[in-house]
Structure formats: structure tokens, C-alpha cells
1. In nm, to one decimal, how far is the modelled label at Ala35 from the one at Val166, with both set 7 Å along Cα→Cβ?
2. Carbon and sulfur together cover what percent of the accessible area of region 148-204 at a 1.4 Å probe radius?
3. Shape verdict for region 31-93, please, from the Cα gyration tensor: rounded (a/c under 1.5), prolate (a/b greater than b/c) or oblate.
4. With a Förster radius of 25 Å, plug the Cβ-Cβ distance of Leu139 and Ser264 into 1/(1 + (r/R0)^6) and report the FRET value to the nearest 0.05.
5. In whole Hz and in residue order, list the ³J(HN,Hα) couplings for region 42-47 that follow from phi through the Karplus curve 6.51 cos²θ - 1.76 cosθ + 1.60, θ = phi - 60°; x for Gly and Pro.
Amino acid sequence: MGANERPEHLFRRLLGVYLGGAPEFIVRETPAISAGTREVVRTFCRRTRQPEIVSEDPDSIHLHDLSFESPVSLDQRVQRMGRLVLGFHREAVDAWGHLPFGDDGYWARRDDEVDREAWYIQRIATLRLAVPDRPVELLGAWTVARSLERIADHAIVLGVTGPRLVALPQGQGPVTPLRQFHAQAMEHLEGALAARDGDRANELLDTGMALAASGEALADRLLPGVGGGVMPPATAAAVARILESVGRTIAYAQDIVQVALDRSIPVLPLESPRFAGMNAPTARRERFLPAPAR
């Protein structure tokens, strides 16, 4: 690590090595490891599952991944992560009516739970791809975990921004369509996580496109109220940010649906290039061959 490297840069480098499947990590700094670097390394250990510090020297820290692969399948982990993210989102919106102002870091800590699971799933998928048996499934799990991680980031936005809606009437005011729009997005996400066939995936892709259009219409309907004094500018900014986050959540759910659609499409084995030019004549000749004996 360079003396002037920012802490978040070191964290990203460690995370990149972790996601790449490395079993060991060594952090070096000259002339000696600073207190800030030690804190970043400890934060990295806390937020992942589970590299641990095995030795520390004045100018280096040695980490080793001590995690073992549990009998829980990758698909089960992805589904469990999906339930965690759904619960996180719903908790954030349910709390709009009673969260106090001020940020005590609660939503960021909740997001750490999702990050830890997402990064672990991505790490497992990367390690298994080194000896591929079902690359489509592994890449799909990696993509879904990444999308769920991004969806969880938007739950933080909803949790942190929600209290700024306090100036709006609850009952039949603008908060009601915002809640309804979010509920529809969660139903779409649930469907995406449960989709198992191409027909259902295509239905969900259509639903996602309709929801995106609905979000744009809702923004056009709610946000003009700023100029007429219906909504204070700060509240309007909060509404706009919430609409954007729900919209991004729908977009990432569409990526998850696409994984289900891709998995439903049969993949033919690749043909050797040396035989590729023989396909047409071979097919014509085979029509005249006798059927094999049974």
C-alpha cells in the first residue's frame, strides 16, 4: 500500500482479491503499517466471510481465508439473500412514519449483512468457475447476488430519505402512491426470485417495463406540486430520490428475471470448427442411411 493511498481504495483492492477467490492476503506498508491501514484491514475482515488476520508484523499484515463451504447450495444462498433484501426494503418503507431524523448508521449496518452474503456468493461462484461444471448457473448466481446487493443499496436510500416525507399528509396524500409503487416493485422482485421458466420470465419482464412507465407517470403527477406550493422543495427532492431508487430497484430486478430467462433457454454443445463446414452435406447424406438396429 502506498503512503498516500485512501482507505477506501485499499478496501476495494482487498475486496477485489477476495472476490477473485484468493485464499491469502498480505498487506504491506513502508516504513510501517499505519493505524488507518490496520483499521481498514479489520473492517474488511468484519464485512466479509471470513478472512482473518493470522499474523501482524511492523510493516505487513497476513490474512488467510478461514471460511469453509457449507452444505447450503448456491441457489439456496441466493434465495436466502433475496428474502433478506426483501425484508430490508419493506422495513425501510414501513419505518417512514416513525423514524427520527438523524443518521445513527443503522441502515448502513443492515446493508453490511447483505454485502457480506453477496460477496460470499460471488466468491464461491468465482472459485467454482475455475473448474466449471455448470457455468450458466454459476454466472447466474453471481449476477443475481450482484443485483441484490445493488437493490439493498437503494433500501438505504429509502430508509434514510423516508423521514423527509414528514411534511406530506399521510392518509390519501402523496405518500400513499409512493408506498403502493414500492409494494408493486417488491412483488415484481419476489416474482423475479421465484421465476423458473421462460414464459414466467417474459411475463415479469413485461411487468417490469410497465412498472418503469408507471414510475415515470407518478413522478410527472407528484413533482409538479412543488411549483404550486403543495410540496416544499426539500420534500420534493426526497420524493424524487425515492422514485429514482424504486425505479433502479425495478431495473435490477429485471436483470434477475433475465437470468431466469437465460437459464430456460437450452444451450446446444459447441461444435468443433473442423466439422462446422460439413453440417449441411452430412445432414443430407444421413437422410439416406438406414436406421440403426435397436
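1. Each label point lies 7 Å from its Cα, and together they span 3.6 nm.
2. 48
3. On the way: a/c = 6.33, a/b = 1.88, b/c = 3.37.
Oblate, because a/c is 1.5 or more while a/b does not exceed b/c.
4. Calculated transfer efficiency: 0.95.
5. Whole-Hz 3J(HN,Hα) from phi for region 42-47: 5, 5, 4, 5, 5, 8.
The values are calculated or read from the model by the stated rules, or taken from the named source; none is laboratory data. Everything quoted here is computed from the prediction, not taken from an experiment. Every residue, glycine among them, receives a Cβ derived from its backbone with ideal geometry; neighbour counts consider all protein chains shown. Just the protein is used for accessible areas: all its heavy atoms, side chains included, with ligands, DNA and RNA removed. Shrake-Rupley method; radii C 1.70, N 1.55, O 1.52, S 1.80 Å.
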